[in-house]
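Structure first, commentary second.
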Amino acid sequence: MDKAERLRPQFEALVGAAHVWGREEDLSHYNNDNRGLYFGDAALIVRPGSTEEVSRVLALAYENDIAVVPQSGHTGHSAGGVPAKGQIVVTTERLTQVRNIDPDNNALAVDAGVILENIHALAAAQDRLYPVSLAAKGSCRIGGNVATNAGGTGVLAYGNTRDNVLGLEVVLPDGRIWDGMRALRKDNTGYDLKHLFIGSEGTLGLITGVVLKLVPKPKGREVAFVGLRDPAQALALLLHLKGQLGSELTAFEIMPRTPIDFTLAYQASLRDPFPEPYPWYALVEISSGLSSDAARENAEQRLAAALESEIALDVALAQSEAQRQDFWAIRETMPPAQKPQGWSIKHDIALPVHRVPEFFQRADDIVAQALPGARICGFGHMGDGNIHYNITQPEGAPKALFEPKRQEINAKIHTLVSDMQGSVSAEHGIGLAKKALLAETKSPVELAMMQAVKQALDPKGLMNPGKIFD
Ligand code: ZN
């Protein structure tokens, strides 16, 4: 029996017996990562119902040297929430209270376990927008978004999660509560501690409350698919639209034909945006704070100009809200649509935006040499230089052929990214999956500073140990 299991009655006394689960339950949701690559073995799952309960749970774990793995929606892509044997998972899933919504100050204070989609709805009810959005919005929780500094499709105009957090409440490893739930735009009083916890992946403390920045809800929003020849043309289109529209260009996603084929095969209700296929596509969103007419006029004019100056082959502007949602659904269905096509190798990389076309050229060459016939699904947030360079196995190839190629291709792509002054993790974080890469790509000075922060806030090394670094 693990030490944590022996202490089960004490954890039960803190949060209620119904909210502590052990190995006799089905813990697979908490133990395993969602790609099926990592499998954990938690001693207990503890589900506190308030910040005070989190504080007592962490204090008890601290006194007894039990490692704690914070979890939120557990939808991450880097296995940052996978527990090792004997560790306990402390989940925020019962922390779902809305604490305060203040439309005049454009601020929303919530518990860390509120689901992202519910935050979108809360903001919309006040004619506001919380602009961070990602494919997992229906199941990811805001505390996890903050802990991983989630990105997604709204980064181009509004920034990452980091840019949209005003304040935090965090329970430290020893159980002390830091109340940093401030809703200020300016607060220049020494170290800005919230930024240490944003993107720390649960290695410094457990986030229990968040104050989010809201923005006025755009009055009009247009969504278009644009047919393109290649990524170089996509870059020309991006620069054209960005130059004309500034922050009214609210999304710019690119994708080649292959993942569109996968998506259309996976979800029968979705339609090809054009009668004929194109080699590449951009999904473009244009918003206006003035009116829906202004958004429409802007979209029509800018995209017509793009056709005229031959930086687009074809344009399909969505004609209704239903079609706007369908266009977005084509993009957002790409990750699950890859699954039935077989094994895949995935990358979440960032590059200087103007070098994205060069990256595709060089990366595609690497894959063509290493694994002929592999189907490349390199799609993503071109507007901010973040590409999910995913590779699906050659049709019908046995797993035995594909599996050994994973490491070789990963290594070559990540070397290419480093050579091009990019980042090996744009928005998915480090977790377990990219720990070795972090050690390879950061300078000793940078690693030493990160470890000094960890040592200062978690001297016993009990918060999510083994994630980001050892
Ligand atoms: Zn993404």
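When each of LEU129, LEU37, LEU134, LEU116 is tested for being within 16 Å of the ligand (Cβ to nearest atom) and open to solvent by 30 Å² or more (accessible area, probe 1.4 Å), the lone residue that passes is LEU134. The number of residues in the stretch 220-245 that are more than 24 Å from the chain's Cα centre (by Cα) and over 18 Å from SER133 (Cα atoms) comes to 15. Of the residues that make up the stretch 390-397, is at least one among the hydroxyl-bearing types (Ser, Thr, Tyr) and within 16 Å of the ligand (Cβ to nearest atom)? Within the stretch 390-397, none of the residues are among the hydroxyl-bearing types (Ser, Thr, Tyr) and within 16 Å of the ligand (Cβ to nearest atom).
Based on what the data block shows, is GLN338 in a helix (DSSP H, G or I), under 22 Å from the mean Cα position of the chain (by Cα) and within 24 Å of ALA411 (Cβ to Cβ)? In short, yes. For ARG162, are the conditions met, namely being charged (D, E, K, R), touching a Pro at 6+ places or on another chain (Cβ under 8 Å) and under 20 Å from THR250 (Cβ atoms)? For ARG162, the condition - charged (D, E, K, R), touching a Pro at 6+ places or on another chain (Cβ under 8 Å) and under 20 Å from THR250 (Cβ atoms) - is not met. When LYS442 is tested against (1) without any contact (Cβ under 8 Å) to a residue 60 or more places away in the chain; (2) within 16 Å of the ligand (Cβ to nearest atom), exactly one condition is not met: (2).
Counting the residues of the stretch 368-384 that are within 15 Å of GLN341 (Cβ to Cβ) and either open to solvent by less than 10 Å² (accessible area, probe 1.4 Å) or within 16 Å of the ligand (Cβ to nearest atom) (or both) gives 4.
If you go through the stretch 412-448 and keep only what is within 27 Å of VAL132 (Cβ to Cβ) and among the aliphatic types (A, V, I, L, M), you end up with ILE413, VAL417, MET420, VAL424, ALA426, ILE430, LEU432, ALA433, LEU437, LEU438.
Assess whether VAL356 counts as being part of a helix (DSSP H, G or I), touching a Gly at 6+ places or on another chain (Cβ under 8 Å), at pLDDT 95 or above and within 30 Å of ILE430 (Cβ to Cβ). Yes: the conditions hold for VAL356.
Of the candidates ALA316, ALA350, ALA322, the single residue that is under 20 Å from GLU285 (Cα atoms), of a type in the set (Gly, Ala, Ser) and surrounded by 14 or more Cβ atoms within 10 Å (Cβ to Cβ) is ALA316. Scanning the stretch 98-113 for residues that are open to solvent by 50 Å² or more (accessible area, probe 1.4 Å) and not in a strand (DSSP E or B), which turns out nearest to MET463 (Cα to Cα)? Per the stated criteria, the residue is ASN105. Scanning the stretch 289-317 for residues that are touching a residue at least 60 places away in the same chain (Cβ under 8 Å), in a loop (DSSP other than H, G, I, E, B) and not hydroxyl-bearing (Ser, Thr, Tyr) yields GLY289, LEU290, ILE311, ALA312, LEU313.
Within the stretch 137-153, the set of residues being within 13 Å of the ligand (Cβ to nearest atom) and not charged (D, E, K, R) comprises CYS140, ASN145, THR148, ASN149, ALA150, GLY151, GLY152, THR153. Looking for something more than 16 Å from the ligand (Cβ to nearest atom) and under 28 Å from the mean Cα position of the chain (by Cα) - is there at least one such residue anywhere in the stretch 290-298? Yes, there is a match, as at least one residue in the stretch 290-298 is more than 16 Å from the ligand (Cβ to nearest atom) and under 28 Å from the mean Cα position of the chain (by Cα). Cβ-Cβ contacts under 9 Å between residues 6 or more apart (or on different chains), taken from a first residue in the stretch 362-376 that is over 9 Å from ILE391 (Cβ atoms) to a second residue that is polar (S, T, N, Q), are listed as GLY373/GLN393.
With respect to being under 21 Å from LYS217 (Cα atoms), in contact (Cβ under 8 Å) with a residue 24 or more places away in the chain, more than 16 Å from the ligand (Cβ to nearest atom) and outside any strand (DSSP E or B), LEU95 falls outside the description.
Looking across the stretch 154-190 at every residue that is open to solvent by less than 10 Å² (accessible area, probe 1.4 Å) and in a helix (DSSP H, G or I), the one that is farthest from the ligand (Cβ to nearest atom) is identified as ASN164. Against the condition open to solvent by less than 50 Å² (accessible area, probe 1.4 Å) and touching a strand residue (DSSP E or B) at 6+ places or on another chain (Cβ under 8 Å), how does ILE430 come out, does it pass? So ILE430 does not fit the description; no. Exactly one residue out of ILE387, ILE391 is open to solvent by less than 20 Å² (accessible area, probe 1.4 Å) and under 17 Å from the mean Cα position of the chain (by Cα), and it is ILE387.
When PHE360 is tested against (1) open to solvent by less than 30 Å² (accessible area, probe 1.4 Å); (2) closer than 17 Å to VAL284 by Cα; (3) more than 16 Å from the ligand (Cβ to nearest atom), exactly one condition is not met: (2).
The values are calculated or read from the model by the stated rules, or taken from the named source; none is laboratory data. In this text the structure is predicted, and so the values were computed from the model without any measurement. All Cβ positions, even for glycine, are placed from backbone atoms using ideal geometry, and neighbour counts span all protein chains on display. Note: accessible area is taken over every heavy atom of the protein model, side chains too, but ligands, DNA and RNA are not part of it. Shrake-Rupley method; radii C 1.70, N 1.55, O 1.52, S 1.80 Å.
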